[in-house]
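K.L.:
Below is a structure I'd like to ask you about.
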Amino acid sequence: MSSKVALTGNEALAQAMRQINPDVVAAYPITPQTAMVQTFSQFVADGEVDTEYVTVESEHSAMSATVGASAAGSRAMTATAANGLALMWEILYIASGTRLPIVMPVVNRALSGPINIHCDHSDAMGARDSGWIQLYAENAQEAYDNAIQAIRISEHKDVLLPTMVNLDGFITSHAVESLEILADEDVKEFVGEYQPENYLLNADNPIAIGPLDLQDFYFEHKMQQAVAMGDAKQVILDIAKEYKELTAREYGFFESYKLDDAEVAIVALNSTAGTAKAAVNNLREAGVKAGLLKIRVYRPFPAEEIADALKDIKAVAVLDRAESFSTNGGPVFADIRSVLYDIKANVEVVDYIYGLGGRDIKVEEIESIFNDLQEIIKTGQVENRITHFGVRQ
Amino acid sequence: MKLKEAAKTSERFTGGHRLCSGCVAGPVTNLIMRASKNPAVVGAATGCLEVSSSIYPYTAWKDSFIHNAFENSAATVSGVEAAYRSLKKQGKMEEDFDFIAFGGDGGTYDIGFQSLSGAMERGHDMVYVCYDNGAYMNTGIQRSSATPKGANTTTSPAGKVIAGKQQYRKELTDIMAAHNIPYVAQISPFKPQELMKAAQKAFETKGPAFLNVLATCPRGWRSRAEKGIELTKVAADTCVWPMFEIENGEWKLLYKPRKKKPVEEWLRQQGRFKHLFKRGNEHIIEDIQEHTDKRWNYILERCGERQ
Amino acid sequence: MANLTEIRWHGRGGQGSKTASILLGKVAAKTGKNIQAFPEYGPERMGAPVLAYNRISDEPIFVHCQVTEPSIVVVLDPTLLEVVDVTEGVPADGTIIVNTEVETAKIREKLGFEGGVYTVDAYGISTEEIGAPFPNTPMLGALIKATDLLDFDGFVVEVESEFKKKFAHKPEVVEGNMNSMKRAYQEVKQ
Amino acid sequence: MVKPGDGYKDIPIGGLILDAGNAKEYKTGGWRTKKPILDKEKCINCHLCWAFCPDISILSEDGVVSDQIDYDHCKGCGICANECPVNAIEMVKE
C-alpha cells in the first residue's frame, strides 16, 4: 500500500533512506543535500531507524567511514553534492575497487570556482569513470525509486559495486512535488536483509581488505570490476521489472519519449528531461516529429541500446549540463556520438552545453534546439557541432 | 604482566611481513596486538606498516584488517566501529571486538590529522596507535611535522645555508589530550611491559584512546639496525621522548631517567643529525637542548613531579 | 497543459513565502492535484526580497524551469511594490494579491495592472490574531478567496492538520494562524 | 590461497585476502646476512629478545624462550643480540 505525498526531493530521499533503514549512515551536510541528512538525522533521533549515524567532520571522512562500515559487513549509505563529492574523489575509487555496495544520493551541483551552489552535473560527470553505477532522475519520484532499486542493484552478487543516485540540486532537491512512496514494509521486503559473504566483523573468518596490489594482480582485480559493471546491466533490468510489479512504475536504461517515429531528438538527463517533454509535446502539436531520450542509467553506459534507439533519427542534440573542457563537447555527447559510430547510423549529433551553475532552461529554448536540428536536416549542414547554449556573447 | 607470561598470549601479527630489517614498528605492533583480548578489526593508514604487512595475496594480520587510504585510518575504523554498534544493537552479532587504527606520523600528525581529530571527538570506541618514526619513511624520508628540529630529511635536507629541518616537532600527544578523550599515552618500546600495559588500558577504555609510540627507523634515522630499541631508551634518557600517560585528565609520568643525559647523546648516534656537529652549528644543538629541557620541565609539572 | 496554474510569491527573507508556497502545494496535492512548490534560491538572508513559486495542475507536471508567466502573484510585503515589478510576466487576465492597508484602487493604479487586483491587511490581521506580523498564513486565505483555486472549507481542514503537525511542540499558535487565514479570506477586497 | 598466475575468474574480488595471517608462508629469512644463535646456557629467560624481535622470530614455548629461532622469517637485524642483558645471543655470518 503506497501513499501519495508532496515532498521535496531531499525529503523523498530521506524517506527512502528511512525505509531502507541502513545500519550505518556517515554523512556531512552540504548545500543542496543538507535537508536530506537533516531530515534523516531526525529519524535517527526519533528512533525510527536502527541506523548508527556518524557525524563525520568532512566528506572525505564520510566516504571513508562508509567504506569502513560497508567492509565491516553492514549496509551503509552516505549522501553528498558538488565539492563534497569532489572531496570524496579518492575514496570513490576505493569503494568501487574494493567492491562495496554503498548507495549514495548525489544532489547535483556545480563544482567551484568561482563558487556556485546551483544545479549542474559537473560533480557527477567528473565521477563517471570512478567505477560507480550512476542513476539519474527526472524528478523526486524517480530519485526515490532509484534509491530503493539501487540497494538491490549494488548488493547483487553479480554486481557488488556502489551506486550514485543523482538528482538535480534545488530544482529537484528543494521543490515540493507530488509523488508516491511505498509502504515501509514493502520497501523492507524489497530490499531484504543484507548478507555479505566476506566481511571484517566475522571473528571466525577474518579477512584483509585493501592490500597493496601490485603489477601481478591489480589488473585482474580491475578486470573483475569491468566484468561486474557489464553484468550490472541485466541486474538493473531485472530489478526494474521486479520493482514494476510492486509499483507499476516502469524503469529501464533510459526512457524513450515519442522517439519511435521521431526525426529530431534530444538526449537529456535529470530534470531538464521533463522540460524537454513539454517542448516535444508542443512541437508534436505543431506537426514536428520530435522525441526525447532520457538517460536513467549512465554507468554502465547502455551503448547498444542507445544506438538502437537513435539509429533512425536524423538529427540528435545532446544536452550536457557539464563542460568537460576537452574542447570536444561535454561527456554525454562524447559517449552518444561514439556509440553511433559502429552502427554507421546516418545521424548528425550535436552538443548543447547548457545550464551551468543553475542557469535556467525554458521550454521555448528547448524548442529552439529542435528548430536547429530541423535546420540541420534541411540543409544537411552542421553549423556548430558544439554550442554553449544560453550563454551571453 | 611479566614478559614470559605475555609470551603466552596468542600471536596476532606474524613474521613474513616485509618491514625493513630492524624496523621497530614490528615489535610495537606485535606487542600492542598481543595486549588485545578480543578479536579485532585493524585499520592502517597507507605507510610502511600497511605496505609491508599486506602485500597481495599475503597478510601478516591474523585479525580482520582494512587499509583504505593514507589520511583516513581513523575515519575508516570509525565506520567499522559504527557498523559494530549498529549490528550489535540490532542483535545481529554477539562477539566483542577491539578496534585499532594504526598510522605513521605522516598519516597521523599530518595528512590524517583531521580524520583523527574527528574520530576522537565523536568518541568511537577505538584505539588509535601512531608509530612515530619522525618522517615519511615509506616514500623515502620526507620531513613531517613530527620530524625533530635539525634532522636531515629529503625535503628538509642539510645544505650549505640551511641545517636540516628548521622547526620543532608538533606535540601531538598534548593535542590528543586536549580532545579530553579518556586515555592518551606517549610511550616507547624499550619498556615492553609498559607498552603492553598502556595498550591494555587503551583497549579496556570505553571510548577513544590514543597511543603515540616512538618507533626507530634505521633507514631514515641513519642508525644501525641493531640499535633500534636502544635508541628509544636514549630518547627517554635524554628526555627528547618523555613517556607519560593522561588517564581521564590525570597526567602521569611513566619513566624518569635516573640521570638526565644531554641531547648530544641522542643526536650523535643518528646520521640524520650528523651535520649538527659541524663547526658553526653548535648553537643549534644548544637550542635543541634548551627546547628539550623546557618541554621536559613542562611534562614534569603537568605530571606533578618535582623538577 | 490547459489547466496548469502558476503562482509567484513575493516576500522578504524570513516572512514565510517559501513556507506558504509549500503549504499551498501540499494541501493542493492532498486534493489529488499535481503540484510543484519551490523557492528561488540565492544568497538572500533575512529581509532581502525573495521569490517562491507554485505549479498546480490536474495533469502530471513535466516542466522544471522557472515560472516566468504566473497567472497569480501574491505579495507578502507592501514595501516590495517600491523595489520589485510584481507584475512582470503576469498576463492581462491574471490576479495580483497584495498585503497592504492601502485601498485596492490605489494599488491597482500604482501597479498599472488591468487584471484582478486584491488587497488585504495581513499584517493587521496577524498582529491581532497571532500577536506578530506574519503575513503568509493570512495571504493563503486571501489567495483562495481571490482565485477560487481550491475549495476553502476543505483547504481549512487540511491546513489545520498541517499546522498541527508543524507546530506539534507549540500547539497554541495553531488557532491564531487558522483565525488569521479565515479572517483574510473574509476581508480581502477587490 | 591465491597462486601466482591465477586469472581474474579464480581469485576473490576486490583484492580481498581470505587467509588471515598467511604472510607466514612468505619467507623473509633470505634477507639475512648474519644470523642470531641463542646460547641456552647463558639465557636467563627474560624474554626481552622475544619482545623486541621485529620479525616475531624468537619463539617462546610455555613461558620458556626457545633456541629454535624462526630462521624462515628472521631478517638478521641483531636487535636480539644487542638487547640481551647477558650476551646469550651471538650474531654469526651466514
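The values are calculated or read from the model by the stated rules, or taken from the named source; none is laboratory data. A quick note: this is a predicted structure, and the numbers were derived from the prediction, not measured. Backbone-built Cβ (ideal geometry, glycine too); neighbour counts: all protein chains shown. For accessibility, only protein heavy atoms count, side chains too; no ligands or nucleic acids. Shrake-Rupley method; radii C 1.70, N 1.55, O 1.52, S 1.80 Å.
K.L.:
Which numbered condition in (1) under 15 Å from residue B:26 (Cβ atoms); (2) part of a helix (DSSP H, G or I) is the only one that residue D:75 fails?
P.N.:
Here residue D:75 clears every test but (2).
K.L.:
Could you tell me which of the residues A:110, A:79, A:86 is touching a Gly at 6+ places or on another chain (Cβ under 8 Å), more than 10 Å from every other protein chain (Cβ to nearest Cβ) and within 18 Å of residue A:174 (Cβ to Cβ)?
P.N.:
Values: A:79 fails: touching a Gly at 6+ places or on another chain (Cβ under 8 Å); A:86 fails: within 18 Å of residue A:174 (Cβ to Cβ).
Just one listed residue meets the conditions, A:110.
K.L.:
Which of the residues belonging to the stretch A:196-242 are of a type in the set (Asp, Glu), open to solvent by less than 60 Å² (accessible area, probe 1.4 Å) and either within 12 Å of residue A:99 (Cα to Cα) or part of a loop (DSSP other than H, G, I, E, B) (or both)?
P.N.:
Correct list: A:213 only.
K.L.:
Oh, and also: Exactly one condition in (1) more than 7 Å from chain A (Cβ to nearest Cβ); (2) open to solvent by less than 10 Å² (accessible area, probe 1.4 Å); (3) closer than 26 Å to residue A:195 by Cα; (4) aromatic (Phe, Trp, Tyr) is not met by residue B:102; state its number.
P.N.:
Here residue B:102 meets the rest and fails (3).
K.L.:
Same structure again: Would you please list the contacts, defined by Cβ atoms under 7 Å and residues six or more apart or on different chains, that run from a residue in the stretch D:82-94 that is away from chain B (no Cβ under 12 Å) to a residue that is of a type in the set (Ser, Thr, Tyr) and open to solvent by 40 Å² or more (accessible area, probe 1.4 Å)?
P.N.:
Hits for this filter: D:94/D:33.
K.L.:
Given the conditions (1) in contact with a Lys or Arg (Cβ under 7 Å, 6 or more places away or on another chain); (2) in a strand (DSSP E or B), report the number of the one that residue B:129 does not fulfil.
P.N.:
The single condition residue B:129 does not satisfy is (1).
K.L.:
Within the stretch A:68-172, which helices (runs of 4 or more DSSP H) (wholly inside it) include 3 or more residues that are over 25 Å from residue A:242 (Cα atoms)?
P.N.:
On the way: elements: A:82-97, A:122-126, A:140-155.
Once the helices (runs of 4 or more DSSP H) in the stretch A:68-172 are filtered for at least 3 residues that are over 25 Å from residue A:242 (Cα atoms), what remains is A:82-97, A:122-126.
K.L.:
Something else about it: Collect the residues in the stretch C:95-114 that are over 17 Å from residue C:140 (Cα atoms) and either in contact with a Lys or Arg (Cβ under 6 Å, 6 or more places away or on another chain) or crowded, with 17+ Cβ neighbours inside 10 Å (or both), keeping them in residue-number order.
P.N.:
C:104, C:107, C:108, C:111, C:113
K.L.:
Consider the stretch A:48-60. How many of its residues are over 22 Å from the mean Cα position of the chain (by Cα) and facing chain B (nearest Cβ under 7 Å)?
P.N.:
The qualifying residues number 8.
K.L.:
Consider residue D:6 against the criteria (1) over 17 Å from the mean Cα position of the chain (by Cα); (2) open to solvent by 60 Å² or more (accessible area, probe 1.4 Å): it satisfies all of them except one. Which criterion is unmet?
P.N.:
All conditions are met except number (2).
K.L.:
Take the stretch D:28-45 and flag every residue that is facing chain B (nearest Cβ under 7 Å) and more than 19 Å from residue B:33 (Cβ to Cβ). Spell out the reasoning first.
P.N.:
We begin by selecting, within the stretch D:28-45, every residue facing chain B (nearest Cβ under 7 Å); these are D:28, D:31, D:45.
Matches in the stretch D:28-45: D:31, D:45.
K.L.:
Can you name the residue in the stretch B:11-23 that is under 19 Å from residue B:193 (Cβ atoms) and facing another protein chain (nearest Cβ under 7 Å) and is also least open to solvent (accessible area, probe 1.4 Å) among such residues? Please lay out each step first, then the result.
P.N.:
Step one: of the stretch B:11-23, the residues under 19 Å from residue B:193 (Cβ atoms) are B:11-13.
Going one step further and asking which of them are facing another protein chain (nearest Cβ under 7 Å), we end up with B:11, B:13.
Working: B:11: 35, B:13: 1 Å².
Once the filter is applied, the top-ranked residue is B:13.
K.L.:
Do any helices (runs of 4 or more DSSP H) lying entirely in the stretch C:85-190 carry at least 3 residues that are within 15 Å of residue C:75 (Cβ to Cβ) and of a type in the set (Lys, Arg), and which ones are they? Please lay out each step first, then the result.
P.N.:
Values: elements: C:104-111, C:122-129, C:136-147, C:152-166, C:172-187.
Counting at least 3 such residues, we get C:104-111.
K.L.:
Another one. Looking for something among the polar types (S, T, N, Q) and under 22 Å from residue C:34 (Cβ atoms) - is there at least one such residue anywhere in the stretch C:161-174? Write out each step before concluding.
P.N.:
Our first condition is that a residue be among the polar types (S, T, N, Q); within the stretch C:161-174, this holds for C:161.
Adding the requirement that they be under 22 Å from residue C:34 (Cβ atoms) leaves C:161.
Yes; the residues of the stretch C:161-174 include at least one that is among the polar types (S, T, N, Q) and under 22 Å from residue C:34 (Cβ atoms).
K.L.:
Still on this model: Answer yes or no as to whether residue B:37 is farther than 19 Å from residue B:136 by Cα, more than 7 Å from chain A (Cβ to nearest Cβ) and assigned to a helix (DSSP H, G or I). Full working, then the answer.
P.N.:
Working: farther than 19 Å from residue B:136 by Cα: yes; more than 7 Å from chain A (Cβ to nearest Cβ): yes; assigned to a helix (DSSP H, G or I): no.
So residue B:37 does not fit the description; no.
K.L.:
May I ask you to say which residue of B:251, B:296, B:241 is among the aromatic types (Phe, Trp, Tyr), in contact with a Gly (Cβ under 9 Å, 6 or more places away or on another chain), open to solvent by less than 50 Å² (accessible area, probe 1.4 Å) and in contact (Cβ under 8 Å) with a residue 24 or more places away in the chain?
P.N.:
Among B:251, B:296, B:241, only B:251 is among the aromatic types (Phe, Trp, Tyr), in contact with a Gly (Cβ under 9 Å, 6 or more places away or on another chain), open to solvent by less than 50 Å² (accessible area, probe 1.4 Å) and in contact (Cβ under 8 Å) with a residue 24 or more places away in the chain.
K.L.:
Please verify whether the stretch B:56-77 includes one or more residues that are open to solvent by less than 10 Å² (accessible area, probe 1.4 Å), closer than 13 Å to residue B:97 by Cα and in a helix (DSSP H, G or I).
P.N.:
yes
K.L.:
Looking only at the stretch D:3-25, filter to residues that are in a loop (DSSP other than H, G, I, E, B) and touching a strand residue (DSSP E or B) at 6+ places or on another chain (Cβ under 8 Å); which one of those is farthest from the other protein chains (Cβ to nearest Cβ)? Give the derivation first.
P.N.:
Filtering the stretch D:3-25 for residues in a loop (DSSP other than H, G, I, E, B) gives D:3-12, D:16, D:18-21.
Filter again for touching a strand residue (DSSP E or B) at 6+ places or on another chain (Cβ under 8 Å), leaving D:16, D:20-21.
Values: D:16: 6, D:20: 4, D:21: 4 Å.
Across the stretch D:3-25, the extreme among qualifying residues is D:16.
K.L.:
If I ask for residues that are over 20 Å from residue B:62 (Cα atoms), touching a residue at least 24 places away in the same chain (Cβ under 8 Å) and out of contact with any helix residue (DSSP H, G or I) (no Cβ under 7 Å at 6 or more places or on another chain), which ones from the stretch A:193-229 would you list?
P.N.:
Scanning the stretch A:193-229 gives A:196, A:222, A:228, A:229.
K.L.:
Of all residues in the stretch D:60-80 being more than 13 Å from the chain's Cα centre (by Cα) and surrounded by fewer than 18 Cβ atoms within 10 Å (Cβ to Cβ), which is nearest to the other protein chains (Cβ to nearest Cβ)? First the steps, then the outcome.
P.N.:
In the first step, residues of the stretch D:60-80 are kept if they are more than 13 Å from the chain's Cα centre (by Cα); the result is D:61-65.
From what's left, surrounded by fewer than 18 Cβ atoms within 10 Å (Cβ to Cβ): D:61-64.
Details: D:61: 9, D:62: 7, D:63: 4, D:64: 7 Å.
For the stretch D:60-80, the residue satisfying everything is D:63.
K.L.:
Just to confirm my filter: which helices (runs of 4 or more DSSP H) fall fully inside the stretch B:154-247 and include at least 1 residues that are of a type in the set (Val, Ile, Thr)?
P.N.:
Working: elements: B:172-177, B:192-204, B:218-221, B:228-237.
Fully inside the stretch B:154-247 and qualifying: B:172-177, B:228-237.
K.L.:
Restricting to the stretch C:148-190, give me the number of residues that are of a type in the set (Ser, Thr, Tyr) and under 11 Å from residue C:27 (Cβ atoms). Walk me through it before giving the result.
P.N.:
Taking the stretch C:148-190 and keeping what is of a type in the set (Ser, Thr, Tyr), we get C:161, C:180, C:185.
The next check asks that each one be under 11 Å from residue C:27 (Cβ atoms); those that pass are C:161.
So the answer is 1.
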